[in-house]
Amino acid sequence: MIVAAVLWLAAFLHPASAQVGVGAGIGPEAFVQGERTVREQMPILPLALAASLAFDATTWTTVGVSTVPAKDLSALLKRGYYKLELLQAVLVASRAKASLKEVTAAHDKGQSLREVAQAKGLDFDSVYGEALAIDKRVIDELLPSIMTVAVTPPKPRPEKKR
């Protein structure tokens, strides 16, 4: 009873102290875990992994993706990029010696990949042809090898003697 009276008196004297946080109190800081955010922990999509394996490490370094290319490609796929668009964007960035972020930012602002390539002095038709060839390799070879899981049959259990 005394505690209730003290709380009522405190609320009366200072209304801000009477406000009690109801709920879990989740804010932006709830999604930060140390230096890594939850967004960085998104799962890597198999298609993104297959597409990332279609290019060598030099290409990824040239386009400014040095750590885990499949993560960046997964994020682009989740943002709405199609597989062929991803391959074209990587090729445009690689040939123009630009970053992938720069190419996708221009595309996000409404420019077509053809316009981005032409602005960088590239022949988009050759980029498109190469992207189609890489797309075929991704679908026919890389993605099936990623999606195949080798399972060894379990060893038969020895019968227990009773």
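The values are calculated or read from the model by the stated rules, or taken from the named source; none is laboratory data. It should be emphasised that the depicted structure is a prediction, and the values quoted were computed from it without experimental measurement. We place every Cβ from the backbone using ideal geometry, glycine too, and count neighbours over all the protein chains shown. Surface accessibility is based on the protein's heavy atoms, side chains included, excluding ligands, DNA and RNA. Shrake-Rupley method; radii C 1.70, N 1.55, O 1.52, S 1.80 Å.
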**Prompt:** How many of the residues making up segment 109-130 are under 21 Å from the mean Cα position of the chain (by Cα) and open to solvent by less than 40 Å² (accessible area, probe 1.4 Å)?
**Reply:** 1
**Prompt:** What is the residue count in segment 78-95 for residues that are farther than 17 Å from Val116 by Cα and either surrounded by 17 or more Cβ atoms within 10 Å (Cβ to Cβ) or in contact with a Gly (Cβ under 6 Å, 6 or more places away or on another chain) (or both)?
**Reply:** 1
**Message:** Could you check segment 62-84 and list, in sequence order, the residues that are under 19 Å from Tyr128 (Cβ atoms) and of a type in the set (Gly, Ala, Ser)?
**Reply:** none
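Of Ala93, Ala106, Ala98, Ala133, which residue is among the aliphatic types (A, V, I, L, M), over 17 Å from the mean Cα position of the chain (by Cα) and not in a helix (DSSP H, G or I)?
Ala98
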**Request:** Name the one entry in Ala98, Ala75, Ala150, Ala70 that is modelled with pLDDT under 95 and open to solvent by 90 Å² or more (accessible area, probe 1.4 Å).
**Result:** Ala150
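Return the residues of segment 44-90 that are among the hydroxyl-bearing types (Ser, Thr, Tyr) and part of a loop (DSSP other than H, G, I, E, B); say none if nothing qualifies.
Ser66, Thr67, Tyr81, Tyr82
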**Request:** Collect the residues in segment 131-162 that are closer than 15 Å to Phe55 by Cβ and either among the polar types (S, T, N, Q) or free of Cβ contacts under 8 Å to residues at least 40 places away in the same chain (or both), keeping them in residue-number order.
**Result:** Ala133, Lys136, Glu141
**Complete:** Exactly one of Val90, Val63, Val103 is among the β-branched types (Val, Ile, Thr) and in contact with a Phe, Trp or Tyr (Cβ under 7 Å, 6 or more places away or on another chain), and that residue is Val90
